[in-house]
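Q: Let me begin by handing over the structure; questions about it come next.
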Amino acid sequence: MSLLTWVDFQSHGDDRGQLVALEEGRNVPFAIKRVYYIFKTKPQVSRGFHAHRFLRQVAVCVSGRCRMVLDNGKTREETWLDNPARGLLIEGLVWREMHDFSDDCVLMVLADALYNEQDYIRDYQQFSAEALDA
Ligand code: T46
């Protein structure tokens, strides 16, 4: 089964341009507790390199693009995030990395919990061991 689960958003286009609405329980499959966004990423910089134990997130590139790598300890898959009308659902024990940010990239992430450093696994060996046990 693929690690890549997409959530498609309706884009309300008219002669002025496009508008996407994100609504919890409608097109976002959880209660939204936190929104953060990553922007002005410096050239050659990659981010992430961690997993979460419980967090559910939807990542949407609202401008530009970046490459997302997901790894569940057995399979590694990657995709470009480059569509403001499409989110990537990231849940379960999954290692994530973000690479190749365009200059104009704004990566917005909706999360189902407040920021909690205790939920992070930032060591790949530890992640791998927990993923094998899961
Ligand atoms: C994820 C990927 C996609 C906060 O204070 N509050 C927050 O909500 C977040 C997300 C971060 N921070 C602080 C913690 C660090 O001092 O901001 C700093 C940078 O965070 P981090 O190094 O974790 O950023 P990324 O880009 O490596 O990872 C982030 C999220 O942390 C993570 O949950 O899934 O984006």
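FYI, it's all coordinate maths here, none of it is from the lab. If you're wondering where the values come from, they're calculated on a predicted model, not measured in any experiment. When we count neighbours, we look across all protein chains shown, and the Cβ atoms used for this are built from the backbone with ideal geometry, even at glycine.
Q: Quick check on packing: order 4-10, 43-49, 84-90 by the mean number of other C-beta atoms within 10 Å, highest mean leading.
A: Sorting 4-10, 43-49, 84-90 by mean packing, highest first, produces 84-90, 4-10, 43-49.
Q: If you stretched the chain out fully between E23 and F54, how much longer would it get, using 0.36 nm times the residue separation minus the C-alpha to C-alpha distance?
A: 9.0 nm
Q: Then there's this: Roughly how far apart, in whole Å, are the Cα centres of region 48-110 and region 17-39?
A: The distance from the Cα centre of region 48-110 to that of region 17-39 comes to 15 Å.
Q: Under the Karplus relation 6.51 cos²θ - 1.76 cosθ + 1.60, θ = phi - 60°, what is the ordered set of whole-Hz ³J(HN,Hα) values for region 3-18, x standing for Gly and Pro?
A: Result, rounded to whole Hz: 7, 9, 10, 9, 10, 8, 10, 6, 9, 8, x, 8, 6, 9, x, 10.
Q: To the nearest 10 degrees, how steeply does helix 124-133 sit against the main Cα axis of the chain, on a 0 to 90 scale?
A: Rounded to the nearest ten degrees, it is 80.
Q: Compute the length gained on full extension between L114 and L4: take 0.36 nm times their separation in residues and subtract their Cα-Cα distance, giving the result in nm to one decimal. List each step's numbers first, then the result.
A: Values: separation 110, 0.36 × 110 = 39.60 nm, distance 2.36 nm.
The span from L114 to L4 would gain 37.2 nm if fully extended.
Q: Please compute the contact order of the chain in relative form: average sequence separation of alpha-carbon pairs under 8 Å and at least six residues apart, divided by the residue count, as a percent.
A: Relative contact order of the chain: 34 percent.
Q: Long-range amide H contacts for G48: which residues qualify at under 5 Å (H placed 1.01 Å from N, peptide plane, sequence gap of 5 or more or a different chain)?
A: Those qualifying (amide H under 5 Å, at least 5 residues apart or on another chain) are M98.
Q: Using a ≥ b ≥ c from the Cα gyration tensor of the chain (square roots of the eigenvalues), is it rounded, prolate or oblate, where a/c under 1.5 gives rounded and otherwise the larger of a/b and b/c decides, a/b for prolate?
A: It comes out prolate by the Cα gyration axes.
Q: Mean residue ellipticity at 222 nm from the helices of the chain, using -39,500 (n - 2.57) per DSSP H segment of n ≥ 4 over the full residue count, to the nearest 500 deg cm²/dmol?
A: Working: 1 runs with 10 residues, N = 134.
The helix-only estimate for the chain comes to -2000 deg cm²/dmol at 222 nm.
Q: So, counting K/R as plus one and D/E as minus one, what does the shell of residues with Cβ under 13 Å around P84 add up to?
A: -1
Q: Would you grab the residues whose amide H sits under 5 Å from the one on S63? Only those 5+ places off in sequence or on another chain, please, with H modelled 1.01 Å from N.
A: Here the answer is V106, since their amide H atoms fall under 5 Å of that of S63.
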